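These notes concern the structure reproduced below.
The values are calculated or read from the model by the stated rules, or taken from the named source; none is laboratory data. Owing to the predicted nature of the structure, the values given are computational and were not obtained by experimental measurement. In this analysis, Cβ positions are derived from the backbone assuming ideal geometry, glycine residues included, and neighbour counts consider all displayed protein chains.
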Amino acid sequence: MRKPQIATSPLDHTRWRHIWQLAWPIMLSNVTIPLVGAVDVAMMGRLDDPVFIGGVGLGMIVFNFIYFGLGFLRMGTTGLVAQMYGTGHDDQIAFLLIRGITLAFGLGGLFILASPFVSTVALYMFSASDMAEQLMTDYISIRLFAVPAALANMVLLGGLYGRQQMRLGMALLFLVNGINLFLDIVLVAGFGMRVDGVAMASVVAQWGGFGFMIWRITRIWPGQLGRLIRPLAGARLPLWLDFAAYRQFFTLGRDIFIRTILLIGCEALLLNEAAKMDDLALATCQIMLSIFGLLAFAIDGFAHAAEALVGEAIGRKNPTMLRIVIRRTNYLAGMMALLLSLLLWAGQPLILSLMTSQPALIAFADAYWLWVVSLPLASFLAFQMDGIFVGATCGTQMRNAMVIASASFAAAIFYLSFGLTGLMASFVGYLALRGLSLWWVIDHVHSKAKAVGIGD
């Protein structure tokens, strides 16, 4: 069994510089994610009817549900690979990846086969003009062919994060999003395609990214390539088809899936309750959520670093390393959150002017800006705890914490009538409770570092 090239001392991976080296590529690559969506919309905005923007926008929401809902493919892979990386079991990493890719292709294939059903559900979810609905279904029917590759890329990205190869993960995201941007422009502006061009760009980009990653893995993990191929030829087939391992993956995935659905549900509940008030309240909450989404990209870098390092510490069965990793990643995330809150406070006029040109909305949102400023400080611990518990593969605790926080948020909304201030305060409180409830059960993570390691 070949040991991976990891630090000679476990504490080498707890240094401030190493944590930052893991975090910054993720922060940088995350910037490209909203950029692709913006270019998709911009390309449709060049056409002669606003209905094209609406059709693509509705279709993008459908895929956000798919990818967010199946995000456990990335998170589960990261936690498991990180622990195997700490133990030095490269062979287990190889089989985990092939199982994950097989699962990704299986789920992706089901979505393609169920294309008419997916479109029907989308039509049931949204009420739009006949033209917008037709464009949405056209977009969905084409882009579904990208789902197998996109899910497989999530698995590979999780493997890279688990092995602390964040720069290669950044290269994958840059490549996929770069191809998408380039083809958007070529197919729509150059060849005169419409919704079909934007959808085809996503298909080519995801499959191109998958091909690139397989090629890179053959170069950087040559010893593992054989272990990935031999199971397909029949050798060591039982290891590849380890149903117990699949069951472990699905159990972790189930808990993360429930957590993710509740997360999306809380944001939808926020907007729904704001919509009951008036249009200004709804628009203000939408601005709040848009800013929150951008903040997540910045803070998440340290959470991803925590996933990899916590998993390694548990794989090494090193409680000291684990304590240092938790303390330092939380500290850096907290400092980033403080900086972001200060930027939101100081940049309020500029930020609001970029979000809207409506004087009435700017004046209305200004009165509630304090809650927007508090978002980074209230939420950073939730992001960090998610990363720590993903690295420890403690999905049950993540699920339970989200259930508690979501139930508290819903109870505050339904049983307390205190207007928009109360609604926004409840959302901020929900974010804080997510982090604190996981911190309360952090002993589950520490106990894993003292348990028998993977493969022992």
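Of these, R99, R163, R143, which one is surrounded by fewer than 24 Cβ atoms within 10 Å (Cβ to Cβ) and touching a residue at least 12 places away in the same chain (Cβ under 8 Å)? Among R99, R163, R143, only R99 is surrounded by fewer than 24 Cβ atoms within 10 Å (Cβ to Cβ) and touching a residue at least 12 places away in the same chain (Cβ under 8 Å).
Yes or no, residue by residue, for (1) in a helix (DSSP H, G or I); (2) under 29 Å from G387 (Cβ atoms):
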{"residue": "M288", "(1), (2)": "yes, yes"}
{"residue": "L295", "(1), (2)": "yes, yes"}
{"residue": "I314", "(1), (2)": "yes, yes"}
{"residue": "T329", "(1), (2)": "yes, yes"}
{"residue": "M336", "(1), (2)": "yes, yes"}
{"residue": "S357", "(1), (2)": "no, no"}
{"residue": "A363", "(1), (2)": "yes, no"}
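Answer yes or no: is there a residue in region 373-395 that is part of a helix (DSSP H, G or I), without any contact (Cβ under 8 Å) to a residue 60 or more places away in the chain, surrounded by fewer than 18 Cβ atoms within 10 Å (Cβ to Cβ) and of a type outside the set (V, I, T). Yes: region 373-395 contains one or more residues that are part of a helix (DSSP H, G or I), without any contact (Cβ under 8 Å) to a residue 60 or more places away in the chain, surrounded by fewer than 18 Cβ atoms within 10 Å (Cβ to Cβ) and of a type outside the set (V, I, T).
None of S115, S127, S141 is modelled with pLDDT under 90 and polar (S, T, N, Q) except S127. Scan region 265-301 for residues that are of a type in the set (S, T, Y) and surrounded by fewer than 17 Cβ atoms within 10 Å (Cβ to Cβ) and the total you get is 1.
Taking A365 as the residue in question, decide whether it is small (G, A, S) and touching a helix residue (DSSP H, G or I) at 6+ places or on another chain (Cβ under 8 Å). Judged against the criteria, A365 is a match. Can S447 be described as without any contact (Cβ under 8 Å) to a residue 40 or more places away in the chain, on the phi < 0 side of the Ramachandran plot and hydroxyl-bearing (S, T, Y)? The answer is yes for S447.
For region 396-419, residues that are of a type in the set (A, V, I, L, M, F, W, C), assigned to a helix (DSSP H, G or I) and more than 24 Å from the chain's Cα centre (by Cα) total 4. Among the candidates N330, N272, the residue that is among the polar types (S, T, N, Q) and modelled with pLDDT of 85 or more is uniquely N330. Looking at Y67, is it in a helix (DSSP H, G or I), in contact (Cβ under 8 Å) with a residue 60 or more places away in the chain, surrounded by fewer than 19 Cβ atoms within 10 Å (Cβ to Cβ) and among the hydroxyl-bearing types (S, T, Y)? In short, yes.
Checking each residue in region 413-429 for being of a type in the set (A, V, I, L, M) and either closer than 20 Å to P376 by Cβ or surrounded by 15 or more Cβ atoms within 10 Å (Cβ to Cβ) (or both) picks out I413, L420, L423, M424, A425, V428.
For region 430-441, the set of residues classified as crowded, with 17+ Cβ neighbours inside 10 Å and not charged (D, E, K, R) consists of Y430, L431, A432, L433, G435, S437, L438, listed by residue number.
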